[in-house]
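Trainee: One structure, as structure tokens, below. Some questions next.
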Amino acid sequence: MPVRVKVCGITRLEDAQVAVREGAAALGFVFYEPSPRYIAPVQAAKIIESLPPFVTTTALFVNESADAVAAIAEQTQVDLLQFHGDESAAFCDAFDRPYIKAIRMRPNADLLAETEAFSSARALLLDAYKPGVPGGTGEAFNWDEIPLELRHNIILAGGLTPENISQAIKQVAPYAVDVSGGVEASKGVKDPNKLARFFQEVARAENR
């Protein structure tokens, strides 16, 4: 089964269009104001309205209030919620929308326990751990830390680039990958050439 690609940190319609044209299965919109990839909900809604069918749209939150999550989800009509903070499973379940839960790969992270705790999640997204930074570090983690029995169900994130994505797919064989900074010209602005190379390397890893 081919590896799905989610392009996160979308802030411009032209970037969304390039990502979809290259083959993105999902696009991510960051609703965490301290992030350089933050997008206002009204702007995200306009981009989402312009997308073709069969592209999953994802709203990323970090320790946001329940009222704000519900309001943004309604305003943007995203398909999927993504929680990157300290949210509990009960919190993530409260919005009548499917969700994925990001796990920052701290030393000795127990992914089997996290899988059980967030059993209602569509998937766990594994990201690099950096103290004080909820995501988007641009750093990779040790992929060997992912238990073999979980690899086919996880979304791999953290420091993925056109240079390392082929190796990541061959080594981990994840269900999906999530890329943001690794295909940017500057923070929040995607580079069409990097996007094209990223998808070319995904296809190469799968011998397509």
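Trainee: Work out Dmax and Rg for the stretch 56-121 from the C-alpha atoms and quote the Rg first, both in angstrom.
Mentor: 12.1, 39
Trainee: Turning to a different aspect of this structure: If you take the alpha carbon radius of gyration of the stretch 72-172 and divide it by 2.2 N^0.38 Å, what ratio comes out, to two decimals?
Mentor: 1.10
Trainee: Amide H of G85 versus every other amide H placed in the peptide plane: which residues, excluding those fewer than 5 positions away on the same chain, fall under 5 Å?
Mentor: Residues meeting the criterion, in which the H sits 1.01 Å from N, are N63.
Trainee: Accessible area per residue of the stretch 28-154 at 1.4 Å probe, in Å²?
Mentor: Here the per-residue accessible area is 51 Å².
Trainee: Roughly how much of R4 is accessible, in Å² to the nearest 10, using a 1.4 Å probe?
Mentor: For R4, the solvent-accessible surface is approximately 80 Å².
Trainee: Let me spell out the model: positive unit charges on the Cβ of Lys and Arg, negative unit charges on the Cβ of Asp and Glu, origin at the Cα centre of the chain. What dipole size does that give, in debye rounded to 20?
Mentor: Here the size comes out at about 680 debye.
Trainee: Any idea how far apart S65 and S50 come out in nm if each label point goes 7 Å out from Cα toward Cβ?
Mentor: 3.1 nm
Trainee: OK, next. Could you please state how large a percent of the accessible area of the chain is carbon and sulfur, counting protein chains only and using a 1.4 Å probe?
Mentor: Of all accessible area on the chain, carbon and sulfur atoms account for 49 percent.
The values are calculated or read from the model by the stated rules, or taken from the named source; none is laboratory data. All values reported here derive from a predicted model rather than from experimental measurement. Reconstructed Cβ throughout: ideal geometry from the backbone, glycine too, with neighbour counts over all protein chains shown. Each accessible area value is taken on the protein alone, full model and side chains, heavy atoms only, with ligands, DNA and RNA left out. Shrake-Rupley method; radii C 1.70, N 1.55, O 1.52, S 1.80 Å.
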